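Accompanying notes for the structure given below.
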Amino acid sequence: MSILIRSVGVSIPEQRISNEELAARVDTTDEWIRSHTGIGARHVAAEGDQTSDLAARSALDALARAKIAPREIDLIVVATATPDYFGFPSTACVIQEKIGALGCAALDVTAGCTGFIYALDVASSMLEARKGRHALVIGADTLTRITDWSDRSTCVLFGDAAGAAVISRIEEGGRGVLGSVLGAEGGGARALYLEQPARDSTFGRPEQVVPVIRMDGKEVYNFAVKSIAVLVERLLHASMYRLEDFSWIVPHQANARIVQAAAKRLGVPESRFYMNIEEYANTSSASIPLALREMVDKGLLVQGQLVMLVGFGSGLTYGAIAIRW
């Protein structure tokens, strides 16, 4: 028995903001952004679009590609740091109604930019344990809604998008999800967090405020570079594969410099890491499925290839999954 990624769907907002356009609003330049991050543009969700709207579109795209009807889905696991509602209901429940997958289990996972990795591991484990058929694993974020546009060090980094994978439990062995490694370093929680501004609680009813992203860039950079190297080594040990057995390493698209440093530490050519951060910036939990879909469209993923997904993010969290495509 195996858990197979059957299809990948995406939803990318039409509005695109280039570095040059951003530099007209913020004290920065295209050269600075590219040299420090590898980012050339980002996409921004339309006014009125919620995270669940992007997620639902990506889910329907994935379902259509898999030729599976929404009513056939047994489980929806959504990774997001920007839910439609604070606390409850879960964004997964909102998506369930929007796509017509009524009655299936639905839950959210909060693991920052590692969210898709965590969600894929959770959904795979639940399908196996419950002997389910199909699940939707969705990574969706609208980080531009919680970006502090006066903070030049962070506002250039983020974009909005959603990516969804249909995963299926099949009797065939040797394909699909082969193994995973998950972890966290809670001591670094304040290195990347949502700052909650002070609120006026007159008459016991606080005013509505929008939290904003705060990040210790140096600490996050060091954590990410170390995490990629450690994750790769731990996953190789757990799976008994060699690094050269993997055709691709697909990392969370946070910063091109992080991947370059990790590749150097591992002694792996940068070309083995698939990157598309130049066009989309950091889309958090959506970044890995966006990369996978682009690779599928380009014909880069071939049945039988070994692929490694690697994520790292707020928490601080990290995770990696080995897949036989």
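Taking 0.36 nm per residue of separation and subtracting the Cα-Cα distance, what length does fully extending V209 through R130 add?
Details: separation 79, 0.36 × 79 = 28.44 nm, distance 4.05 nm.
That works out to 24.4 nm of additional length.
Over the chain, what is the relative contact order in percent, taking alpha-carbon pairs closer than 8 angstrom and at least six residues apart?
Computed over the chain, the figure is 25 percent.
Give the Rg/Rh ratio for the stretch 2-174, taking Rg as the radius of gyration of the Cα atoms and Rh as the Kirkwood radius, to two decimals.
Computed over Cα atoms, the ratio is 1.04.
Give the percent of DSSP beta bridges with both residues in the stretch 66-166 that are antiparallel, rounded to the nearest 5.
Of those bridges, close to 40 percent are antiparallel.
Only helical DSSP H runs with n ≥ 4 go in: add -39500 (n - 2.57) per run for the chain, normalise by residue count and round the 222 nm mean residue ellipticity to 500 deg cm²/dmol.
-10000 deg cm²/dmol
Once fully extended, how much extra length lies between K298 and R65, figured as 0.36 nm per residue of separation less the alpha-carbon to alpha-carbon distance?
Working: separation 233, 0.36 × 233 = 83.88 nm, distance 1.55 nm.
Working it through step by step, the gained length comes to 82.3 nm.
Only residues of the stretch 261-300 count here: report those whose backbone N is under 19 Å from the spot 7 Å along Cα→Cβ of Q15, or say none.
Answer for the stretch 261-300: 279-284.
First measure r as the distance between the Cβ atoms of M275 and D151, then evaluate 1/(1 + (r/R0)^6) with R0 = 30 Å and state the FRET efficiency to the nearest 0.05. Mind showing how you got there, number by number?
Numbers: r = 25 Å, r/R0 = 0.82.
After rounding, the FRET efficiency stands at 0.75.
For A81, what charge total do you get from the other residues with a beta carbon under 14 Å from its beta carbon, if Lys and Arg give +1 and Asp and Glu give -1?
Numbers: positive: R145, R214; negative: D84, D108, D141, D160, E195.
So the surrounding residues net to -3.
Go ahead and run the numbers for FRET between Q305 and R257, Cβ-Cβ distance against an R0 of 25 Å, rounding to 0.05. Walk me through the numbers on the way to the answer.
Values: r = 27 Å, r/R0 = 1.07.
That gives a FRET efficiency of 0.40.
Kindly list the residues of the stretch 104-139 that lie in the label zone of Y85, defined by a backbone N under 18 Å from the point 7 Å along the Cα-to-C-beta vector.
104-110
Given a 10 angstrom Cα cut-off, can you work out which residue in L300, L178, L120 is the most mobile in a GNM of the chain?
L300
Give me the one-decimal nm value for the distance between modelled label points at A238 and L102, 7 Å along each residue's Cα-to-Cβ direction.
That separation, rounded to one decimal, is 3.9 nm.
Only bridges whose two residues both fall in the chain count here: according to DSSP, what percent of them are antiparallel, nearest 5?
Working: 42 of 59 bridges.
Antiparallel bridges: around 70 percent, rounded to the nearest 5.
Take the alpha-carbon centre of the stretch 70-131, take the same for the stretch 269-314, and report the distance between them in whole Å.
Using only Cα atoms, the two centres lie 21 Å from each other.
Quickly rank 188-196, 72-80 as a protection proxy: mean count of other C-beta atoms within 10 Å, highest first.
My ranking of the peptides, most packed first, is 72-80, 188-196.
Give me the distance in nm between label points sitting 7 Å out from Cα along the Cα-to-Cβ direction at R265 and T29, one decimal.
3.1 nm
Which shape class, rounded, prolate or oblate, goes with the chain when its Cα gyration tensor gives a ≥ b ≥ c as root eigenvalues, a/c under 1.5 marks rounded, and past that a/b bigger than b/c marks prolate?
Here the chain falls in the oblate category.
Each reported figure results from applying straightforward, stated rules to the coordinates on display, with no laboratory input. Just so you know, these numbers come straight off a predicted model, no measurement behind them. In this analysis, Cβ positions are derived from the backbone assuming ideal geometry, glycine residues included, and neighbour counts consider all displayed protein chains.
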